[in-house]
1. If you line up the Cα atoms of the chain on their principal axes, what length do they span on each, largest first, in Å?
2. On the accessible surface of the chain, probed at 1.4 Å, how many percent belong to carbon and sulfur atoms?
3. What accessible area per residue, rounded to a whole number of Å², is obtained for the chain using a probe radius of 1.4 Å?
4. Starting from the Cα gyration tensor of segment 7-56, multiply each eigenvalue by 5, take the square root, and state the resulting semi-axes largest first in whole Å.
5. Sort T60, T16 by heavy-atom solvent-accessible area, probe 1.4 angstrom, most to least.
6. Do any of K13/K66; K3/K79; K28/K55; K31/K91; K4/K31 go past 28 Å between their Cα atoms, and which?
7. Can you tally the net charge around H47? Count Lys and Arg as +1, Asp and Glu as -1, for every other residue whose Cβ sits under 15 Å from the Cβ of H47.
8. Taking 8 Å as the Cα distance limit and 6 or more residues as the minimum spacing, I'd like the relative contact order of the chain as a percentage.
Amino acid sequence: MEKKYSGLSAIAKKVTVDDLGNYLLGVKNLKNGIFCYICGSNEWDLHRNPEDREKPVIVTLPLPDKEGLGVWVFYMMCKNCGGMHFINANKIASWLESKSK
């Protein structure tokens, strides 16, 4: 049985790869791109959910001493060295929600 989500979690579960890409393109950036903190590259992969290729993977970062609780993030991986950047899923969900108003 699939778990039911509400609020920003429900919106985060609906985020598509295109939504995430549009969010990242719309972020005001003073360095002309998002650069890897390890190698300096600015070429990234957004990993897709294997069960629904239109959606990015959501990773849960566990909270210490809080069993069953965690922070959801989307991630992008540097094509050159494999370094990863994490983007809070609630931030993307809030952005998407504000666009629909």
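The values are calculated or read from the model by the stated rules, or taken from the named source; none is laboratory data. Treat the numbers as computed from the prediction; the structure is a model and nothing was measured. Here Cβ is always computed from backbone atoms with ideal geometry, including for glycine, and neighbour counts include all displayed protein chains. These accessible areas exclude ligands, DNA and RNA; they are computed on the full protein's heavy atoms, side chains included. Shrake-Rupley method; radii C 1.70, N 1.55, O 1.52, S 1.80 Å.
1. 41, 37, 26 Å, listed from the longest principal axis down.
2. Whole-percent figure for carbon plus sulfur exposure: 50.
3. 73 Å²
4. Calculated on Cα positions only, the semi-axes equal 24, 14, 9 Å.
5. Descending order: T60, T16.
6. Correct reply: K3/K79; K4/K31.
7. -3
8. Taking the mean separation of contacting Cα pairs over the length of the chain, I get 29 percent.
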